[in-house]
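Engineer: Supplied in C-alpha cells, the structure appears directly below.
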Amino acid sequence: MDQIAGDGGRTSLFSGGFSVSEAFEGSEAIAAARGLARSFLTDAQAVHGLPVSGRAMGMVQLVVSELVTNARKYAPGPCLLTMQVEGGVVEVTVWDSSTALPAVLGPDPGRVGQHGLEIVMAVCQSFKVQRELVGKRITAAVVLVDDPGDDVAGRRA
C-alpha cells in the first residue's frame, strides 16, 4: 500500500465541521481507506463529541469501500478520499483520474457483481458525480445518527 498523504491530512473547518483526506494507491488501498473511515468517525465521537450510530459507522465504511474499489479498478494512478463532517452528515468524496463517468445499473437480482453504486445510492442521503478538468469526483452523503422516528441512518426520506 502506498498512502500518498502522510498523516491523513486531518483538518478542522471554521464552521464547526472537520475533514480528513488521504491518497491511496496499490492493492491494500481499500482496507486502508475503510480503516481511515473508521478512525475518522471514531474521532468524530471521541474528540468532537458527535453522535455516530453503529449503522452509520458501517454504512460509511461500506460507501468508502465501494467508491475506492471502483476508483482503483477503473482509473489509473492514485485516488483521493476525503471525508467531511458538517451538520450531522458525513460527505465521502473520492477523486480519480478517469474522466469516464460511472455506469449506474438498475437493480437486477440475477446480475453477478457490479452492484456497488446501486448499494451506495441505496444507503446514502445524496449522491453526485462531477467531471473535473482531470478525472472525476464522486460524493455520497450519509447521516450520522438514526432518526428518532426509526428511519435508519443514511436512508433517503
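Bear in mind these aren't lab numbers, they're just calculated from the coordinates by the rules spelled out. What you see is a predicted model, and the numbers here were worked out from it, not measured in a lab.
Engineer: How much length would be gained if the chain were fully extended between Ser27 and Thr69, taking 0.36 nm per residue of separation minus their Cα-Cα distance, in nm to one decimal? Mind showing how you got there, number by number?
Structural biologist: On the way: separation 42, 0.36 × 42 = 15.12 nm, distance 0.98 nm.
Additional length available on full extension: 14.1 nm.
Engineer: Express in nm, to one decimal, how much length is gained between Glu132 and Ala100 on full extension, taking 0.36 nm for each residue of separation and deducting their alpha carbon distance.
Structural biologist: On the way: separation 32, 0.36 × 32 = 11.52 nm, distance 1.06 nm.
Separation in residues times 0.36 nm, less the Cα-Cα distance, equals 10.5 nm.
Engineer: Still on this model: Dimensions of region 2-143 along principal axes (Cα, Å, largest first)?
Structural biologist: The Cα atoms of region 2-143 stretch 42, 32, 27 Å along their principal axes.
Engineer: According to the square roots a ≥ b ≥ c of the eigenvalues of the Cα gyration tensor, what is the shape class of region 84-125, taking rounded for a/c under 1.5, prolate for a/b larger than b/c otherwise, and oblate for the remainder?
Structural biologist: Values: a/c = 3.53, a/b = 1.45, b/c = 2.43.
Taking the square roots of the gyration eigenvalues as a ≥ b ≥ c, region 84-125 is oblate.
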